[in-house]
Amino acid sequence: MTPLLTTSLIVHVITGILAIGFVNIVLMHTMRKSISWPYLKKIAGWSVAFFLISWATAAYYYVVYYGGAVKPVILKGAYPWAHQIIMESKEHVFILLPFLAIALWLLTHYLEKTTDDNAKRAGTTLAFVTLALGAIIAAAGVAISGAAR
């Protein structure tokens, strides 16, 4: 694996974890009675940026290396289902994460200007769903990495 591919994979993992962490911060703050909206909007914006960077570096790694070098090893190994089920599912769910993060970021802008408790609950729910899917995707990445060894 070239240094560029290694760097791409490292950036993918680190920015994905950071994105998930920032969504967790948003989730925790949406459940507070007193919210610092400028801070929350900034944190939500960083989650979008990190998800997009993770998305882009994953795409590069997948197209340049994974499909030709890792996928065949997994399919011929003891755990072919790691690609057939986990990776295929991950590919489709992973596409949603930046869009969920963008929706959450936009929602923080709306929530700052409203007193609607239902809208605030929707923000909390969206943050929870984004966090849960991000955590599942991260766990799937660990499983796929293990299957390639």
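Just a few scattered comments:
- Length released on extending from Ile17 to Lys42, taking residue separation times 0.36 nm less the Cα-Cα span: 7.3 nm
- For the chain, adding -39500 (n - 2.57) for each run of n ≥ 4 DSSP H residues and dividing by the number of residues yields -27000 deg cm²/dmol at 222 nm.
- Across the stretch 3-11, computed HN-Hα scalar couplings (Karplus, 6.51 cos²θ - 1.76 cosθ + 1.60, θ = phi - 60°) run x, 5, 5, 4, 4, 4, 5, 5, 4 Hz from first to last residue, x flagging Gly and Pro.
- Each label point was placed 7 Å from the Cα along the Cα-to-Cβ direction; for Glu88 and Ala69 their separation is 2.5 nm.
- Applied to the stretch 108-119, the Karplus parametrisation 6.51 cos²θ - 1.76 cosθ + 1.60 on θ = phi - 60° returns per-residue 3J(HN,Hα) values of 5, 5, 5, 4, 4, 9, 10, 10, 5, 5, 5, 5 Hz, with x for Gly and Pro.
- In this structure, Met1 and Phe99 have a Cβ-Cβ separation that, at R0 = 35 Å, corresponds to a calculated FRET efficiency of about 0.70.
- Hits among lysines - C-alpha to C-alpha of Lys76 under 16 Å, sequence gap 8 or more where chains match: none
- In straight-distance terms, cross-link reach from Lys42 covers every one of the lysines whose alpha-carbon lies under 25 Å from its own, apart from those fewer than eight places away in the same chain; here that gives Lys33, Lys113, Lys120.
- Once the chain from Thr115 to Leu52 is taken as fully extended at 0.36 nm per residue, the excess over their C-alpha distance is 19.6 nm.
- Leu107, Leu18 arranged by Cβ crowding within 10 Å, fewest neighbours leading: Leu18, Leu107
- The relative contact order of the stretch 3-147 comes to 35 percent, based on Cα pairs under 8 Å that sit 6 or more residues apart.
- Extension gain for the segment Ala59 to Ser34, taken as residue separation times 0.36 nm less the Cα-Cα distance, is 5.1 nm to one decimal.
Values in this text are rule-based calculations from the coordinates and carry no lab data. None of these values were measured; they are calculated from a predicted model. Note that we place each Cβ from the backbone using ideal geometry, even for glycine, and neighbour counts take in every protein chain shown.
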